[in-house]
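Down below is the structure, laid out as structure tokens.
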Amino acid sequence: MSWASERVLLRAGTPEGLPGYDISGGKLIIKDSSKRRIFECIESALNARFEWQALPTKRLIQMIMDGQLDIAFPMGFATERASVMLQSAATWDNPDVWLSLRPVNIQDKNLRIAARLGSPQQIDHLADGYTHVTGSYTYPLLAKELSMDVTTAVIVPQSVYEEQKAHWPSQTLVTVGRQRSSGFYLKSSDPLKLLKPLNLAIEACRVSDK
């Protein structure tokens, strides 16, 4: 299944400040063991070495579009992102969760809600017609906004909430929102012809990890 006969270096980026991930010496550190196994399996199947850097989300997307980076991961899937970049098969599922201090109707489009700036959670709910959607630069800042009643609800990936439970008020209520998957994004023209071997690797590695 190897994509290249010789090991290839891929310039890779990940969203800055993403809970559960770190970078050390240009390598992506994934704390969750199952996710780490899937990624390492993909890396091996592609016969590729990833050189990682962490970047603000909007800059990361722009660098993929401009060809300054070859690949971005892990990225929550969103229609807007898929319209400007090439989206891979899903590496894993990671639904949105709504965090609030009192019960909320998540269909109420007049709710004051907040999400990480540039995230699918912010982009999609703006596109869906929610009238009060703000963006914050970090997840801990979102927790502070909720505790201070600056916002009625915060929307984050489930993995972010689970990784950072200590940041949220003890009385936080969790409501499951829309289903969402995460994976890789590439430049839309796919100059390295990477999408097909990447998807084959993802599918094989997800099956082998079950």
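The values are calculated or read from the model by the stated rules, or taken from the named source; none is laboratory data. Small disclaimer: the values here were computed from a predicted structure and weren't measured. Glycine also receives a Cβ, built like all others from the backbone with ideal geometry; neighbour counts cover every protein chain displayed. The protein model used for the area step is the full one, side chains on, heavy atoms only, and it has no ligands, DNA or RNA in it. Shrake-Rupley method; radii C 1.70, N 1.55, O 1.52, S 1.80 Å.
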Listed by first then second residue, the pairs whose first member lies in the range 119-130 and is under 23 Å from Ser159 (Cα atoms) and at pLDDT 90 or above, whose partner is basic (Lys, Arg) and surrounded by 19 or more Cβ atoms within 10 Å (Cβ to Cβ), with beta carbons under 9 Å and at least 6 positions apart or on separate chains, are Pro120/Arg81; Gln122/Arg116; Ile123/Arg81
With the first residue restricted to the range 181-195 and required to be among the basic types (Lys, Arg), and the second required to be outside any strand (DSSP E or B), Cβ contacts under 9 Å at 6 or more apart or on different chains are Lys187/Ile64; Lys187/Met65; Lys187/Asp66; Lys187/Gly67; Lys187/Leu69; Lys187/Asp70; Lys193/Trp3
Quiz item: Does the range 135-144 include one or more residues that are over 14 Å from the mean Cα position of the chain (by Cα) and among the β-branched types (Val, Ile, Thr)?
Solution: no
Taking the range 40-85 and keeping residues open to solvent by 10 Å² or more (accessible area, probe 1.4 Å), closer than 13 Å to Ser182 by Cβ and aromatic (Phe, Trp, Tyr) leaves Phe77
Exactly one of Ser88, Ser2 is surrounded by 14 or more Cβ atoms within 10 Å (Cβ to Cβ) and modelled with pLDDT under 90, and that one is Ser2
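State whether one or more residues within the range 84-93 are out of contact with any strand residue (DSSP E or B) (no Cβ under 8 Å at 6 or more places or on another chain) and over 30 Å from Lys165 (Cα atoms).
Yes: one or more hits.
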The residue from Leu18, Leu9 that alone is under 23 Å from Ala166 (Cβ atoms), open to solvent by 20 Å² or more (accessible area, probe 1.4 Å) and of a type in the set (A, V, I, L, M) is Leu18
